[in-house]
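Colleague: Take a look at the following structure, please.
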Amino acid sequence: MVSFKKLFSSKKSVTNYSLNYDFESIKIPSKKPSCIAVFTGGNAPEPKMCSKFFSDCLPPDYVIGADSGIETLGIFKKYFRKMDFTPDAILGDMDSLKNKRLLKEFSKKAALEKFNPYKDFTDTELALILASKLRGKASTVILTGGSGARVDHFMGIFDLFSSPIAPDFWLTEKQILVLLRKDKTIKLLPEHADSPISVLRTTESNTKGYLITNGLEWESDKFRKAGLPSISNVISQENFRSKIPVEITAKDGDFIVACDYDCVIV
């Protein structure tokens, strides 16, 4: 019988925004996973859209399901039969989970930690807090789901790119968002010449950092100095014809690169 954890009484408000939590039912293994897949509720991409992405990265060796994210996880598990998407840990308040049978099935093998809906963290935050405790220096964290009609939910997750629990990739309904850290370079080769490539700032700053690019139709010297640097950019015609990837380098700050699922990410 899994105990129902109460982070605080409904009559007493307690705040804790340190983005840290000590899990009781979920044990942290000594061996650091190389690829941690986190599935959360909200709209998610169709598994077929993600085929290219997952074929180019290490297969997940630790899987976390947050609330109704286990329903998306179940769909991915059926589609990617050569990859093991069996959850290692399930957490959340389960207020949006419709398929209770799936929870019962997955929790036979997965560690399960339930939370009171009146809590300090969203289920996505809890899942990423767990991922941050699991990850090593070379680990990759992939978040799937969480996009949809509610802007506050979307922005809540987007804001986490400025936090210590930021994922490396966020697979949304239509696009991949990639965290491009300071002094790192990403290479992108889209399948279609008109596939949009956008570069966004994190919520940490409206002006921090700058970018160096090579292979875009509108290079970094034309980027905005404040706010969103570049939206709906595309690969240059020359690079597309020659199949040379676009290169984007972040300087003096972190950025987020948004691209379609047809992009090969290096």
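The values are calculated or read from the model by the stated rules, or taken from the named source; none is laboratory data. Small disclaimer: the values here were computed from a predicted structure and weren't measured. With ideal geometry, Cβ positions are generated from the backbone for all residues, glycine too; neighbour counts draw on all protein chains shown. Protein only, heavy atoms only, side chains kept; ligands, DNA and RNA dropped before computing areas. Shrake-Rupley method; radii C 1.70, N 1.55, O 1.52, S 1.80 Å.
Colleague: Kindly report the accessible area of the stretch 108-211 per residue (heavy atoms of protein chains, probe 1.4 Å, no ligands, DNA or RNA), in Å².
Modeller: About 45 Å² of surface per residue is accessible.
Colleague: Then there is this: Could you tell me which of 240, 177, 263 has its Cα farthest along the dipole of the stretch 166-266 towards the positive end, charges placed at Cβ (Lys, Arg +1; Asp, Glu -1), taken about the Cα centre?
Modeller: 177
Colleague: Then there's this: Taking the Cβ-Cβ separation of residue 78 and residue 34 as r and a Förster radius of 22 Å, what is the calculated FRET efficiency to the nearest 0.05?
Modeller: The calculated FRET efficiency here is 0.40.
Colleague: Then there is this: For the stretch 115-186, what is the relative contact order in percent, using Cα pairs closer than 8 Å and at least 6 residues apart in sequence?
Modeller: Answer for the stretch 115-186 is 29 percent.
Colleague: With labels modelled as points extended 7 Å from the Cα through the Cβ direction, what inter-label distance (nm, one decimal) is found for residue 149 paired with residue 207?
Modeller: For the pair residue 149/residue 207, the computed spacing is 4.0 nm.
Colleague: Another question about this same structure. Over the stretch 86-128, calculate the relative contact order: mean separation of alpha carbon pairs under 8 Å at least 6 apart, over the residue count, as a percent.
Modeller: 55 percent
Colleague: Name the residues of the stretch 185-220 whose amide N is less than 15 Å from a point 7 angstrom out from the Cα of residue 264 along the C-beta direction?
Modeller: Hits in the stretch 185-220 for residue 264 at 15 Å: 187-193.
Colleague: Just reorder 225, 133 by solvent-accessible area, largest first, 1.4 Å probe, all chains present.
Modeller: If we order 225, 133 from most to least accessible, we get 225, 133.
Colleague: Within the accessible area of the chain, what % is carbon and sulfur when the probe is 1.4 Å and the other protein chains stay in place?
Modeller: Within the chain, the accessible surface is 51 percent carbon and sulfur.
Colleague: Given the Cα-Cα distance of residue 18 and residue 86 and 0.36 nm per residue of separation, how much length would full extension add, in nm?
Modeller: 21.5 nm
Colleague: Shifting gears a bit: Based on DSSP, what percent of beta bridges with both residues in the chain are antiparallel, to the nearest 5?
Modeller: 60 percent
Colleague: About the Cα centre of the chain, how large is the charge dipole given +1 on each Lys and Arg Cβ and -1 on each Asp and Glu Cβ? Please answer in debye to the nearest 20.
Modeller: Computed charge dipole of the chain: roughly 840 debye.
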